[in-house]
Amino acid sequence: MTSPDVIIAGGGLIGVSIALELGWSGAQVLVLDRGEPGREASSAAAGMLAASDPETPLSLRPLAVESVRMFPEYVRRIESLSGIGTDFRRQGSIEIMEHGPRPASYRELGADELRKIEPGLQTEGLPTFFVDEDSVDPALLMQSALSAASRSGIEVRGQTEVREIYVKGDRMEIATASGRLDAKTVVDCRGAWSGEPVRPRKGQALYLRPKRSGTLEHVLRAPDVYLVPRSETPRYAEKIFVGATVEDIGFDKTVEPTTIARLHAAAARWVPELAAAEVTASWAGLRPGSPDNLPLLGKTAMRGVFTATGHFRNGILLAPVTARIMADLIAAKPAPLDISAFSPLRFSGAKAYPFEIKPTSR
């Protein structure tokens, strides 16, 4: 590749989705990742596309709703380019609520209907609702997006950490461990590694392999756990994602057996058959959180440097709309939605660049 128009620091789903959107518009894009692309928070996530989740901050809901609207076409295009399925499922979710107001989009389920659609579910008499939501397998989506990028002429280069940026005329010079690169624009998509004010929020999770097919057909959100079924494919057996903790303990990815056992027990509380299910995998991922739990999207105080990070628990959900927003901003077009609440400058003021990448003129 000749010198790219845009260098994206961070090869997770947000970074690769932005690269695809820019590439489809004709830009030359290079994605750099400090480790193996797509192997951090993006592949560790649950993949619930829950725009109406009561825990979603009010200011974030317009972006979430728009991203959900975009998701079917986003998936279709990526799958078509890559030939890799993403287990995009449209069965809906079931939520068991102990308290709190229910969103208008939630439809309460009677005992007979619940027994019909999820006979293995035990609700302990709590109010239970159907939500018209989708889900996706983030690990497969990440694989598919990386393949789509390659087939679109976008290089995603691993083991290449961005260390510093230098102003060089009307372009940016990027210092990496393996040499220097230059581009007109740089986008920080490094997630938990973006530096202050973004901080890692650890999440431990596991996969269960049920004893029989069809043990759970819908995403289940309960007061103490959430379960996301994955479809059986020629390459993958049917399994159920069980998650997840939210821990503010820095860059610690230790998987704790007691925590995994507690999550397994919580899953079996609501779906008793899962008590006998085998734990086939367990892991910890690092979500990129911000002080107000909102992403940082847009221009930084440094000319030519943008950021798209801090998506916390919504990185998979917000990938399509983030890609569209950032591609428009980089092309000097107005953002398609109001993103003023997500300005990167809201924590640092207009005079400082708030991340580890430091502007250094020379």
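The values are calculated or read from the model by the stated rules, or taken from the named source; none is laboratory data. What you are looking at is a predicted structure, and each value in this text was computed from that prediction instead of being measured. All Cβ positions, glycine included, derive from the backbone under ideal geometry; neighbour counts span all protein chains shown. For the accessible areas, the whole protein counts, side chains as well, though only heavy atoms, and no ligand, DNA or RNA atoms are used. Shrake-Rupley method; radii C 1.70, N 1.55, O 1.52, S 1.80 Å.
Test Ile249 against the stated conditions and say whether it is of a type in the set (Val, Ile, Thr), modelled with pLDDT of 95 or more, assigned to a helix (DSSP H, G or I) and under 24 Å from Gly38 (Cβ atoms). Answer is no for this residue.
Is it true that Glu36 is farther than 20 Å from Arg163 by Cβ and among the acidic types (Asp, Glu)? It is false that Glu36 is farther than 20 Å from Arg163 by Cβ and among the acidic types (Asp, Glu). Of all the residues in segment 215-247, those that are of a type in the set (Val, Ile, Thr), farther than 25 Å from Lys202 by Cα and free of Cβ contacts under 8 Å to residues at least 60 places away in the same chain number 0. Arg212 falls short on exactly one of the conditions (1) open to solvent by less than 70 Å² (accessible area, probe 1.4 Å); (2) touching a helix residue (DSSP H, G or I) at 6+ places or on another chain (Cβ under 8 Å), and that condition is (1). From the list Glu232, Glu217, Glu164, Glu196, the one residue that fits, being assigned to a loop (DSSP other than H, G, I, E, B), closer than 30 Å to Asp292 by Cα and open to solvent by 50 Å² or more (accessible area, probe 1.4 Å), is Glu196.
When residues in segment 254-267 are screened for being in a helix (DSSP H, G or I), open to solvent by 20 Å² or more (accessible area, probe 1.4 Å) and either within 30 Å of Ala331 (Cβ to Cβ) or of a type outside the set (Val, Ile, Thr) (or both), 5 of them pass.
The set of residues in segment 106-125 that are surrounded by 10 or more Cβ atoms within 10 Å (Cβ to Cβ), outside any loop (DSSP other than H, G, I, E, B) and out of contact with any Asp or Glu (no Cβ under 9 Å at 6 or more places or on another chain) comprises Glu108, Ala111, Glu113, Leu114, Arg115, Lys116. Residues considered: Lys299, Lys333. Of these, the only one that is free of Cβ contacts under 8 Å to residues at least 60 places away in the same chain and out of contact with any Phe, Trp or Tyr (no Cβ under 8 Å at 6 or more places or on another chain) is Lys333.
Taken as a whole, the structure places Ala352 among residues that are modelled with pLDDT under 95 and either under 20 Å from Met70 (Cα atoms) or among the small types (Gly, Ala, Ser) (or both).
Residues that are within 17 Å of the chain's Cα centre (by Cα) and not polar (S, T, N, Q) within segment 74-94 comprise Tyr74, Val75, Ile78, Asp87, Phe88, Arg89, listed in sequence order. Residues that are over 16 Å from the mean Cα position of the chain (by Cα) and surrounded by fewer than 23 Cβ atoms within 10 Å (Cβ to Cβ) number at least 3 in the following strands (runs of 3 or more DSSP E) confined to segment 273-333: 278-289. Within the option set Ala139, Ala149, being crowded, with 19+ Cβ neighbours inside 10 Å, in contact with a Ser or Thr (Cβ under 7 Å, 6 or more places away or on another chain) and under 25 Å from Leu81 (Cβ atoms) holds for one residue only, Ala139.
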